[in-house]
1. Sum up the charges of everything whose Cβ sits under 12 Å from the Cβ of Tyr318, counting Lys and Arg as +1 and Asp and Glu as -1, but leave Tyr318 out.
2. Go through 333-342, 87-96, 144-153 and give me the packing order, highest mean Cβ count within 10 Å leading.
3. Considering only Cα-Cα distances, which of the following residue pairs are longer than 29 Å: Lys321/Lys353; Lys334/Lys362; Lys239/Lys362; Lys102/Lys200; Lys200/Lys256?
4. Between Val254 and Arg300, what is 0.36 nm times their sequence separation minus the Cα-Cα distance? Round to one decimal in nm.
5. Assign unit charges at the C-beta atoms only (+1 for Lys and Arg, -1 for Asp and Glu), then state the dipole size of the range 297-368 relative to its Cα centre in Debye, rounded to the nearest 20.
6. Calculate the all-directions average of the projected area of the range 258-356's alpha-carbon convex hull, and give it in nm².
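Throughout, read-outs are computed from the coordinates displayed, never taken from laboratory work. This is a predicted model, so every value here is computed, not measured. Cβ atoms come from the backbone with ideal geometry, glycine included; neighbour counts cover every protein chain shown.
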Amino acid sequence: MQNKQRSKLVIIVMGLLILLLLGSFIWWLKPDNTAANNANLNADGTPTDASTAAAGETVLPGTVGVAGKANGNSPFVTGLENMPRSLQDTDVDGEIIIDENKNLVVTEGLRRLFDYFLSAMGEEDEATIVQRVEAYIRSHTPEPAASSAIEIFAQYREYLKALDGLQSSYGNLQMQATQAGEVDLSLIEQRRQDMIRLRKQIFTPETIEAFFAGEDAYEDYSMAMVRIEQDSSLSEAQKQASRADYISRLPDGVIKQNFEQQANFGELMQRTEELKAKGASPEALYAMRRQIVGEAAATRLAEVDKQENDFDARFNDYQAKRQALIAQAGSEAKAQAQITELERSQFDELERKRLTGYAQLKEQSQAKTP
């Protein structure tokens with residue numbers, strides 16, 4: 001009985017890890033909401049070109065030192081002086097957008113700008129980062145937009161500090177629930193509601209929409225996927241249909257496209273493994289892939305399969321000849337010169353870098369085979 005409980009717990013914990021990795025992959029796919037015509041910044045913060053975000057809205061990466069001065073005794077003029085090591089030789093991320101009256105237009109890009117500088121916390125203390133960001137904003141942005149951005153930056157720091165305490169509290173409770181053998185979705189939802197209330201206490205509705213709408217959409221998706229996965233009344237096919245139905249009901253846009261891409265990727269990997277395990281022909285694999293990802297992608301994947309099969313055949317031949325050389329010489333060390341020559345004759349430079357890892361994968365695969 002204890003072994004069954006322990007196995008159940010292991011499965012749940014592994015499931016959580018997979019969900020976290022899935023969330024990370026989805027987040028990686030998540031696009032920036034930067035305006036399409038956003039000017040690019042060089043490493044020194046100067047713009048590479050001038051552009052406008054939309055009718056009456058201007059993206060202001062800024063011209064160094066042209067608008068305003070750093071406050072009081074700040075050591076910064078542009079905010080980009082003596083950058084911390086982790087930010088050196090990087091482009092400033094994010095954007096500052098103003099309208100025709102020089103008022104701030106809050107976007108997710110403004111949040112990314114704040115996060116860019118706050119990522120150096122630890123290398124620099126908070127007071128230094130605050131002075132750096134305020135100097136950057138004032139040197140790149142006219143009034144009244146500059147003061148508005150600085151005010152929102154203060155609100156954002158307040159929010160992050162409060163959120164840290166909230167996450168810590170709920171994180172401990174969730175860990176306890178997981179150790180008890182369950183994933184408490186109601187606890188996760190309660191945490192989210194507390195987080196929403198916290199946002200409303202600090203930000204305006206416009207800032208909440210700009211900063212967190214995309215994040216909330218991804219969290220909604222993750223919660224829905226967990227809920228479907230944990231529904232023991234559904235078969236695997238029904239779960240797949242439920243996931244597809246959820247995505248189909250989302251509003252059209254980039255986020256929906258990313259979820260569709262992720263769903264297609266997951267189905268593609270699963271179906272490919274299943275068919276290969278059954279010894280499916282290349283034609284069968286191609287037909288399945290064309291149905292899921294289209295003809296062009298299916299053709300590319302077929303070419304990849306062909307290249308991998310060719311490499312695998314040459315690898316197997318190499319392994320047999322390598323073992324013969326070792327047996328003839330009496331040891332691997334004595335046969336090393338001949339092995340090196342064999343590798344050069346059968347593989348190019350990039351392929352030779354794969355040999356060690358590929359050999360390990362082959363051993364693991366063979367160990368799993370009954």
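1. +2
2. My ranking of the peptides, most packed first, is 144-153, 87-96, 333-342.
3. In this structure, Lys239/Lys362 exceed 29 Å between Cα atoms.
4. Once the chain is fully extended between Val254 and Arg300, it gains 14.1 nm.
5. It comes to approximately 180 debye.
6. That works out to 8.3 nm², a quarter of the Cα hull's surface.
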